[in-house]
Amino acid sequence: MIAFEISIDGQKACTAGVASSGVTSVVASWVRRPSGDVAPGAPSGDRFEEELTLDVGGLTHDPDGAPVHVSWLRRPLKPGQQLIVSVVETEVADAPQQRAREDASWAAQRKREYYERLKREYGDA
C-alpha cells in the first residue's frame, strides 16, 4: 500500500495508510481567529486565539461497507518544528489511534441539512 511516514523533529511519529480503498491525509494547519470571549460582531482588538496543528487521518470501510474515520495523529505544533512526510510503499501501516464508524442515520441527517441550506441559499436554480 501507499502510506505516509511522518517524522517530527527527526523522530518517527507514525506510518499512516489504508490497505483497501480509502483516503489517507496529512494536514498541517494554522488558524487565527478572534478570541472566544469576544461578543459576535464586536471588535476583537488584539484578542485572538491561534492553533498550529498536525493531523494525520483518513477514511476506510468496515467489512459491511460502513465508512470509518481513522486518526493516527493529532498534535499541536510550534514554530521551528521540522515535519518530514515521506511517501512510502509498505505492507503494513501503524494501527490508527482512533476509529469512528460513521452512523448512517447521522450522515443522512447531515446531508439533508446541507441540502436544505443550499436550497435556501440558491433556491431551485
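Observations, loosely collected:
- Close pairs from segment 68-83: first in a loop (DSSP other than H, G, I, E, B), partner hydrophobic (A, V, I, L, M, F, W, C) and crowded, with 16+ Cβ neighbours inside 10 Å, Cβ under 6 Å, at least 6 apart: Leu77/Leu54
- Residue within segment 103-112 that is open to solvent by less than 50 Å² (accessible area, probe 1.4 Å) and closer than 16 Å to Ser25 by Cβ present: no
- Complete set of residues in segment 84-102 that are touching a His at 6+ places or on another chain (Cβ under 8 Å), open to solvent by less than 100 Å² (accessible area, probe 1.4 Å) and assigned to a strand (DSSP E or B): Ala100
The values are calculated or read from the model by the stated rules, or taken from the named source; none is laboratory data. Computed from a predicted model, the values in this text were never measured in an experiment. Methodologically, a virtual Cβ is constructed for each residue, glycine included, from the backbone with ideal geometry; neighbour enumeration extends over all protein chains shown. For accessibility, only protein heavy atoms count, side chains too; no ligands or nucleic acids. Shrake-Rupley method; radii C 1.70, N 1.55, O 1.52, S 1.80 Å.
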